[in-house]
Amino acid sequence: MGFHSNSFTIKSNQLNYSIEMVSLVQTGKQIVVTGERASTQIDYSNAQKSEFITSKGLKKAACCNLSESFETNPSVDVSFSDALSGAKQIEMLGLAGKYSQILQERVNSNIGLMQPFGLGFIPGSWMNSIQIAKGTGSVTTGYESVSGQINVEYKKPQDLLPLFVNLYSNSLGRYEANIDYSLDVIPSKVQSTLFAHYSTGIRGNDMNKDGFTEVPTYNQFNLLNKWNFNFESFEGQAGLKVMTDTRHSGEMNFLDGNDRAKYWGLEIKNRMAEYYTKTGIVFDSEHYQSIGIITNYRYHDIHSYFGQKDYSAFENFFNLQVLYDNNYFGDDYKLKFGTDIKLIGYREYLQQNNITSDFGYDQTVSGLFGELTAKPMENLFLVLGTRADYSNIHKLFVTPRLNLKYNFDEFTFFRLAYGKGHFLANPLSENISMLSSARKVSFDKNQILERATNYGINFLHKFNLWNLDIDFQLEAFRTVFDNQLIVDMEKPSEINLLNMTGVSYANSYQIQTLITTNFGFIFNLAYRLNVVKYTIDNIIVQKPLMSQEKGFINIEYSDSDLGLATDITLSYNGGGRIAAHHNSNSSANSFAPFWICNGQITKTFSTLDVYLGVENLTNFVQSNPILSPETPFGNTFDATQIWGPIQGRTVYLGIRYLFN
């Protein structure tokens with residue numbers, strides 16, 4: 001680059017050549033090379049199957065929060081938890097989102113009371129990238145991961161301009177404002193950023209005329225103050241976050257006056273405050289020996305009612321981790337080991353039929369872990385780790401994990417993953433959407449330690465064909481549970497949250513092709529098959545309300561000269577099973593396949609982005625998302641049987657502005 005093109009003849013009997021390079025520019029002039037990270041990046045180096053959604057990828061869709069950031073990615077599915085609360089849930093490898101460990105800058109976050117709504121408490125404009133890794137992952141971040149890890153990296157104070165503003169609105173009456181303010185406190189040493197978020201839904205929408213809103217009204221205030229410290233042999237981060245979220249839903253008449261005695265209504269109030277610190281000290285730069293210390297504390301409470309049911313919960317969570325990292329034996333062998341401790345105080349209360357049930361515990365979990373990253377052969381990479389944790393409730397449990405990658409050549413890779421995962425189940429908060437029903441909810445007051453083994457393979461080959469850069473992947477994963485909290489919805493009048501009996505497993509198979517052209521287009525094509533089954537009353541049944549098949553087409557086009565970017569995503573969702581229910585309007589026990597289409601166009605003017613998009617372009621919605629809406633206080637009312645979209649075509653408009 002920077003020189004004139006030239007050609008010359010290679011002679012069979014000549015071994016050495018002298019080639020004169022002629023510069024394109026004269027002395028004193030510069031060539032400026034600019035570039036931008038692709039919207040989706042595949043990690044070729046990691047032993048674990050990983051990919052990144054970059055800052056460019058986060059701009060391809062509305063991405064108002066983390067739960068809405070996977071629309072252009074085939075590995076993660078997103079759906080509504082129920083027809084009323086507006087909460088969204090994710091699935092990876094056919095398993096519920098709680099089995100995917102959610103990390104914020106490698107700090108464990110989406111556990112406990114954060115499970116049902118936590119994805120909506122991470123605003124999209126705060127994020128710099130998302131890493132998606134399949135399989136159990138590293139033992140250094142905890143024992144919770146079963147199906148994968150999703151790590152969110154926030155924007156870094158040291159990389160930001162002084163002020164950033166993002167405004168958003170859509171046709172359903174949702175409005176958002178985000179402001180980032182950055183300050184270089186001590187140049188190149190200490191920086192700070194204040195992230196501020198406010199979002200609101202100002203009106204309900206009864207598009208199917210069943211008397212209930214499909215969109216809750218809500219208000220969310222969210223503040224995060226991040227600090228970055230960078231000194232010789234010492235670096236650190238600190239953050240403080242506070243958030244409140246209040247939402248209402250139910251009958252349209254309830255939204256007018258919040259009279260829950262007369263109309264079926266829902267109110268959910270979340271309050272949360274947390275802080276974290278991350279400190280790194282390097283004391284032997286030659287062998288990169290360092291010690292890292294992470295602390296994290298969170299207080300969270302929920303106060304809510306769902307019709308005639310009342311639910312409240314409180315949580316105090318503290319985590320301390322000390323990690324030692326070194327490559328004393330050379331760059332081919334790196335060792336990490338450390339210890340951590342979790343202190344959890346948890347209480348939740350459910351009142352139904354004038355009877356109050358409670359669930360709670362005070363738990364201490366302390367652990368030791370070690371992990372070796374090795375390159376024993378030129379083309380072989382492995383990460384081998386294990387951890388042992390002791391709980392005052394569940395006693396000792398061990399979590400071994402292995403990730404292996406073999407390079408056949410520089411274009412072809414094979415990965416093997418094996419590991420165990422454990423999860424501390426909280427029956428009510430994880431399944432709070434089940435309260436949007438007349439069914440009686442029953443649960444075991446003894447906490448269940450869920451245990452699972454996950455193993456899988458991934459094959460990746462990258463090549464160039466007709467000037468197209470192509471990444472082709474095949475993968476298969478299987479998860480087998482030894483112990484699991486099962487949501488039994490098979491009886492029309494009740495929901496039982498109980499420990500598994502019999503077998504429970506999930507098989508996931510995916511084929512994916514990423515095609516990058518040299519004329520601005522990128523094509524991402526995928527097909528996935530999930531087979532998820534568990535045992536209910538000695539019968540192995542398919543998991544309800546989940547599409548077994550998924551087809552995915554994403555087409556992206558960008559032209560930096562015109563400052564134009566467009567994106568369209570078409571997804572095919574296969575049919576599935578509906579759990580048992582008794583309802584006068586519907587007796588279906590399955591649902592048919594359906595298609596969803598989303599798209600966005602973005603125009604960039606120097607420091608201003610204007611984006612216009614549409615979600616659910618075809619306006620497909622699930623018929624009868626609420627069963628028996630005409631008798632909301634009757635025995636057959638149910639808003640939990642959600643398998644498809646409940647909101648119709650939605651048009652949105654937004655701007656992003658950088659103040660330099």
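The values are calculated or read from the model by the stated rules, or taken from the named source; none is laboratory data. Every value quoted in this text rests on a predicted model; they were computed, and no experiment measured them. Glycine gets a Cβ as well: all are built from the backbone with ideal geometry, and neighbour counts include every protein chain shown. Accessible surface areas use protein heavy atoms only, side chains included; no ligands, DNA or RNA. Shrake-Rupley method; radii C 1.70, N 1.55, O 1.52, S 1.80 Å.
Data overview
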read-out: Residue in segment 261-268 that is under 26 Å from THR217 (Cα atoms) and exposed (fewer than 15 other Cβ atoms within 10 Å of the Cβ) present; value: yes
read-out: Residue match in segment 403-419 (condition: more than 30 Å from ASP310 (Cβ to Cβ) and of a type in the set (Gly, Ala, Ser)); value: yes
read-out: Selection within segment 330-354 - exposed (fewer than 15 other Cβ atoms within 10 Å of the Cβ) and among the aromatic types (Phe, Trp, Tyr); value: TYR333
read-out: Qualifying positions in segment 220-238 - touching a Phe, Trp or Tyr at 6+ places or on another chain (Cβ under 8 Å) and assigned to a strand (DSSP E or B); value: GLN220, PHE221, ASN222, LEU223, LEU224, ASN225, LYS226, GLU235, GLY236, GLN237, ALA238
read-out: Answer residue from segment 278-310, given it is over 26 Å from the mean Cα position of the chain (by Cα) and closer than 17 Å to PHE117 by Cα and is surrounded by the most Cβ atoms within 10 Å (Cβ to Cβ) among those; value: PHE306
read-out: Test: residue in segment 162-177 that is open to solvent by less than 40 Å² (accessible area, probe 1.4 Å) and either of a type in the set (D, E, K, R) or touching a His at 6+ places or on another chain (Cβ under 8 Å) (or both); value: yes
read-out: Matching residues, segment 460-479, being in a loop (DSSP other than H, G, I, E, B) and without any contact (Cβ under 8 Å) to a residue 12 or more places away in the chain; value: TRP466
read-out: Lone qualifier among SER129, SER147, SER138, SER109 - being over 23 Å from ILE294 (Cα atoms) and in contact with a strand residue (DSSP E or B) (Cβ under 7 Å, 6 or more places away or on another chain); value: SER147
read-out: Selection count where residues are closer than 19 Å to GLY137 by Cα and of a type outside the set (Gly, Ala, Ser), scope segment 455-472; value: 5
read-out: Of all residues in segment 610-636 being modelled with pLDDT of 95 or more and not in a loop (DSSP other than H, G, I, E, B), the one that is surrounded by the fewest Cβ atoms within 10 Å (Cβ to Cβ); value: LEU612
read-out: Close pairs (7 angstrom Cβ cut-off, 6 or more residues apart or separate chains): among the polar types (S, T, N, Q) in segment 112-140, open to solvent by 10 Å² or more (accessible area, probe 1.4 Å) and part of a helix (DSSP H, G or I) anywhere; value: GLN115/LYS98; GLN115/GLU430; ASN128/SER55; SER129/SER55
read-out: Residue match in segment 423-440 (condition: over 30 Å from TRP643 (Cα atoms), buried (at least 22 other Cβ atoms within 10 Å of the Cβ) and either touching a Phe, Trp or Tyr at 6+ places or on another chain (Cβ under 7 Å) or among the aliphatic types (A, V, I, L, M) (or both)); value: no
read-out: Some residue of segment 441-459 being under 30 Å from SER628 (Cα atoms) and not in a strand (DSSP E or B); value: yes
read-out: Single unsatisfied condition, THR279 versus (1) touching a Phe, Trp or Tyr at 6+ places or on another chain (Cβ under 8 Å); (2) under 30 Å from THR213 (Cβ atoms); value: (2)
read-out: Hits in segment 311-335 (condition: of a type in the set (Phe, Trp, Tyr) and either closer than 19 Å to PHE117 by Cβ or at pLDDT below 95 (or both)); value: TYR311, PHE314, PHE317, TYR324, TYR328, PHE329, TYR333
read-out: Some residue of segment 21-43 being within 19 Å of the chain's Cα centre (by Cα), among the polar types (S, T, N, Q), part of a loop (DSSP other than H, G, I, E, B) and modelled with pLDDT under 90; value: yes
read-out: Residue match in segment 71-94 (condition: modelled with pLDDT of 90 or more, closer than 15 Å to MET546 by Cβ, in a strand (DSSP E or B) and open to solvent by less than 10 Å² (accessible area, probe 1.4 Å)); value: yes
read-out: Residue in segment 645-654 that is touching a residue at least 12 places away in the same chain (Cβ under 8 Å), over 28 Å from THR566 (Cα atoms) and not basic (Lys, Arg) present; value: no
read-out: Any chance ILE495 is farther than 30 Å from TYR44 by Cα, more than 26 Å from the chain's Cα centre (by Cα) and crowded, with 18+ Cβ neighbours inside 10 Å; value: yes
read-out: Residues satisfying the stated conditions in segment 199-216, i.e. buried (at least 19 other Cβ atoms within 10 Å of the Cβ) and assigned to a strand (DSSP E or B); value: SER199, GLY201, PHE212
read-out: Matching strands (runs of 3 or more DSSP E) fully within segment 355-412 where at least 2 residues are open to solvent by 40 Å² or more (accessible area, probe 1.4 Å) and without any contact (Cβ under 8 Å) to a residue 12 or more places away in the chain; value: 355-377, 395-409
read-out: Residue within segment 238-255 that is within 29 Å of PRO123 (Cα to Cα), open to solvent by 70 Å² or more (accessible area, probe 1.4 Å) and at pLDDT below 95 present; value: no
read-out: Members of segment 480-504 found to be outside any strand (DSSP E or B) and modelled with pLDDT of 95 or more, listed by number; value: GLN484, VAL503
read-out: Hits in segment 66-95 (condition: within 30 Å of ILE522 (Cα to Cα) and of a type in the set (A, V, I, L, M, F, W, C)); value: LEU66, PHE70, VAL76, VAL78, PHE80, ILE90, MET92, LEU93, LEU95
